[in-house]
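See below for the structure under consideration.
The values are calculated or read from the model by the stated rules, or taken from the named source; none is laboratory data. Note that this is a predicted model, so its numbers are computed, not measured. Backbone-built Cβ (ideal geometry, glycine too); neighbour counts: all protein chains shown. Surface areas here come from the heavy atoms of the whole protein model, side chains and all, with no ligands, DNA or RNA. Shrake-Rupley method; radii C 1.70, N 1.55, O 1.52, S 1.80 Å.
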Amino acid sequence: MGKLRKKEVIQIHHIQKKFDENIVLDDVSLTIWENEVVVIIGPSGSGKSTLLRCMNKLEKIDQGKIFIEYEDVYQKSINNNQIREKVVMVFQHFNLFSNLTVKKNITIGPEKLQKLSQKELDELSDTLLHRVGLYEKKDFYPESLSGGQKQRIAIARALAMKPKVILFDEPTSALDPEMVGEVLSVMKETVKGGMTAVIVTHEMNFAKEVADRIVFMDQGKILAEMTPEELNSAHENQRIANFLQKIL
Ligand code: ADP
Ligand code: MG
C-alpha cells in the first residue's frame, strides 16, 4: 500500500484583511495539514490574532479564499456554527462564561450544537476535567479560579467540541509567570495526542519543542516559515537573527 496522503485541514489562499483603510493581512497564504502543529510568531500588531480569527470566521476577509476541509467557508450553505465546531479558539483572556459553572462551560457547546445526551455530556466533562487536572473544580464558577486554572478550563471547553483544529491566541500572555507552566503542559499534552493546532505565542522554547513548523509574521505578511531545526541553525542567518531580536 502507498503512503497515506496528508490532508490539508485549513487552506488560506492570498487573503487580504482591512480595518477601514488599514491593510492588516496582506496577501497571506498558509496551509495547515492534519496533525500538524504550526506556531506563529511576530511582533505586536503584525496581524497574528486577525489571521487566527479569520481561520474560524470571527473576522471576514476582504480578498482571497479560506477552505476548511476543502469547503469554502464563505459558501452560503455553511453556517458559522459548523465552522466553529471544527475550528475552535482559546483566547488570551479565557472568555469563559462567568455565569456558568466550570462543568457547564465545558458542556454547553456540545449540548447546543451536537445534541449529546446528559450521560454523554457528563462523561465528556469528567474526562476532560481529569485531563486538565481540575476535576475537583467542576461545580465552581470561573471567578473562583486562578488564571492558569481558567485557561486550562478554556482548553477543556475547546476540546469538548471534538474539533478538527484548535487555535491558541497567546494563551499564556495574560498569566502570572508561575501559572504559565501548567497551561503550556496541558497544551503540550493536547498536541502530543495528534491534535492539529495553530498557536500564537512568544514562548520560544515551547514553540521549538512542539512545532512542526514556525511561521514568522511582520506587518501583515508571512516573512518566513521553517522547522525548529532550521530555526536553530538559522541563528547564523543575519536576517532571521535580526528578526528574532526585534520580536522577542
Ligand atoms: P497581533 O495579534 O499580531 O498583535 P492584530 O491581529 O491584533 O495583531 O492586529 C493587527 C492590526 O490590526 C493592528 O494594527 C491592530 O491595531 C489592527 N486591528 C486589530 N483588530 C482591529 C479591529 N477590530 N478594528 C480595527 N483595527 C484592528
Ligand atoms: Mg494578538
With the checklist (1) on the phi < 0 side of the Ramachandran plot; (2) more than 13 Å from the chain's Cα centre (by Cα) in hand, flag the one item Pro163 doesn't pass.
(2)
Candidate set from region 19-58 (those that are within 9 Å of ligand 1 (Cβ to nearest atom) and under 18 Å from Pro228 (Cα atoms)); member that is surrounded by the most Cβ atoms within 10 Å (Cβ to Cβ):
Ile40
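Yes/no matrix, rows are residues, columns are (1) free of Cβ contacts under 8 Å to residues at least 60 places away in the same chain; (2) surrounded by fewer than 18 Cβ atoms within 10 Å (Cβ to Cβ); (3) in contact with a Gly (Cβ under 7 Å, 6 or more places away or on another chain):
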site	(1), (2), (3)
Met89	no, no, no
Asn99	yes, yes, no
Ser117	yes, yes, no
Lys150	yes, no, no
Val9: buried (at least 20 other Cβ atoms within 10 Å of the Cβ), more than 13 Å from ligand 1 (Cβ to nearest atom) and on the phi < 0 side of the Ramachandran plot, yes or no?
yes
Going by the structure shown, is Ser49 out of contact with any helix residue (DSSP H, G or I) (no Cβ under 8 Å at 6 or more places or on another chain) and at pLDDT below 95?
no
Exactly one of Ile83, Ile78 is without any contact (Cβ under 8 Å) to a residue 12 or more places away in the chain, open to solvent by less than 30 Å² (accessible area, probe 1.4 Å), over 13 Å from Val198 (Cα atoms) and away from ligand 1 (no atom under 16 Å from the Cβ), and that one is Ile78
Checked Ser117, Ser98 against criteria (farther than 25 Å from Leu58 by Cβ and small (Gly, Ala, Ser)); the one match is Ser117
Just one listed residue, out of Val200, Val165, is within 16 Å of ligand 2 (Cβ to nearest atom), under 28 Å from His130 (Cβ atoms) and modelled with pLDDT of 95 or more, and it is Val200
How many residues does region 203-214 contain that are within 16 Å of ligand 2 (Cβ to nearest atom) and open to solvent by less than 20 Å² (accessible area, probe 1.4 Å)?
1
Test each condition in (1) over 18 Å from Thr196 (Cα atoms); (2) within 16 Å of ligand 2 (Cβ to nearest atom); (3) modelled with pLDDT of 95 or more for Leu121 and report the one that comes out false.
(2)
Which numbered condition trips up Tyr70, out of (1) open to solvent by 70 Å² or more (accessible area, probe 1.4 Å); (2) touching a strand residue (DSSP E or B) at 6+ places or on another chain (Cβ under 9 Å); (3) within 16 Å of ligand 1 (Cβ to nearest atom)?
(3)
Considering region 164-180 alone, what residues qualify as being surrounded by fewer than 22 Cβ atoms within 10 Å (Cβ to Cβ) and either out of contact with any Asp or Glu (no Cβ under 7 Å at 6 or more places or on another chain) or of a type in the set (Phe, Trp, Tyr) (or both)?
Asp169, Glu170, Ser173, Ala174, Leu175, Asp176, Pro177, Glu178, Met179, Val180
Can you find a residue in region 59-74 that is within 14 Å of Asp169 (Cβ to Cβ) and touching a helix residue (DSSP H, G or I) at 6+ places or on another chain (Cβ under 8 Å)?
yes
Mind checking which helices (runs of 4 or more DSSP H) fall wholly inside region 116-207 and carry at least 3 residues that are over 15 Å from Asn105 (Cα atoms) and of a type in the set (A, V, I, L, M, F, W, C)?
177-192
